[in-house]
Amino acid sequence: MNPKTLIDTHAHLVSQKGVARTLRDYCKNPREKEKWMKFSNEFQINLTKEFSDRWINSANKYGIKKIILNSMLCTNDELLKIINFNPKKVKGLAYIDPNWKNLTKELNRLLSNKNILGLGELGPMWTHVPPTDKKWYNICKIVSKYNKPMLFQSGTQMYAFSDFNLGNPLTYDRLIGDFPDQKFIIAHGGKGFYREALMLGEHHENVYVDIAEFFLGLKFLPNEVKPHEILKRILRIYGYERVIWGSDSIFPYSKNPVRYYIDQFKKLGLKQNEIDHIFGLNAEKVYNVT
Ligand SMILES: [Zn+2]
């Protein structure tokens, strides 16, 4: 049952600077500002080789061969710094906001780096720029030249500044349809918007789904549904070659990030080959990580 290769495609590097950026750019609600200030104090991290090694040691404990960190809550330079300590083990997804100035230059700088495997976790939910906006179209035009995927946030997220309407995977429908050669990954299996994530997967072949903590949206469903039953539906539409595992962890791995998913796959009676794809082989192909 142990997967052939394990790649954590959805892990977060969280830094004080990253949290401060979120606070500055997105958070308008004073009560929430206070909450984020407290949150930022928990992430006074030193970006040292020792810090990076500790992370890798905890990954090794669970058999995780590579980690793809996303910079939603750190700066891109911090991300690059941490990758450079262990570039064989750690790769990254760069974060951008469509409202940034000098975005074209920044995109080219980041995407031309071989250790930056794509963009993520992108958040129309926080930036309030809908995926139908021409700003996202301009970004896609640049990204598609690099043949690197884009990981988009989906589902609910309990911050007052999030716009839940833009967490609905169907808001990406036109963008995905208009860039058929660009790979898109919808995070968290839709996290509550499962049906919409399924519709999207049936509509477009160039969309993949990551199942990092997909179960967090189950409470919004009208009926009691078991997590493996959601996975069963996801697999029915996407097939095992378009489903990608990730943990949604923040350093360090506080619990076994793999076990839960193995248990769900056992309930579904998945074959070894299918498990191998979900845990690593698909990531190797989609993110072009070797
Ligand atoms: Zn995440």
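Readers should treat all values here as calculations from the given coordinates under stated rules, not as data from a laboratory. Just so we're clear, the structure is a prediction, and the values are computed from it rather than from any experiment. Cβ atoms come from the backbone with ideal geometry, glycine included; neighbour counts cover every protein chain shown.
Using a 10 Å cut-off on Cβ atoms, rank the peptides 29-41, 278-290, 223-235 from the highest mean neighbour count down. If you can, show how the numbers build up before the last one.
Numbers: 29-41: 12.8, 278-290: 19.6, 223-235: 15.8.
In descending order of packing, they fall as 278-290, 223-235, 29-41.
Please report the orientation-averaged projected area of the range 136-290, defined via the convex hull of its C-alpha atoms, in nm². The partial results should precede the final answer.
On the way: hull surface 40.0 nm².
With every direction weighted equally, the projected area is 10.0 nm².
Bins of 10 Å, beginning at zero and ending with the bin holding the largest distance: percent of Cα pairs per bin for the chain, please.
6, 30, 38, 23, 3, 0
So how much slack lies between Asp25 and Asn256, counting 0.36 nm per residue of separation and subtracting their Cα-Cα distance, in nm? Numbers along the way, then the final one.
On the way: separation 231, 0.36 × 231 = 83.16 nm, distance 3.36 nm.
Roughly 79.8 nm would be gained on extension.
May I ask you to order 154-163, 239-248, 99-108 by the average number of other C-beta atoms within 10 Å around their residues, highest value first?
On the way: 154-163: 18.3, 239-248: 21.3, 99-108: 12.9.
Ranked from most to least packed, the peptides come out as 239-248, 154-163, 99-108.
Given 25 °C and 0.890 mPa s, how large is the Stokes-Einstein diffusion coefficient of the range 34-146 in µm²/s, with Rh as the Kirkwood radius over Cα pairs?
Numbers: Rh = 15.5 Å.
Roughly 158 µm²/s, to the nearest whole number.
Treating the Cα atoms of the range 185-275 as identical point scatterers in vacuum, please give the log10 of the normalised Debye intensity I(q)/I(0) at q = 0.21 Å⁻¹, two decimals.
-1.07
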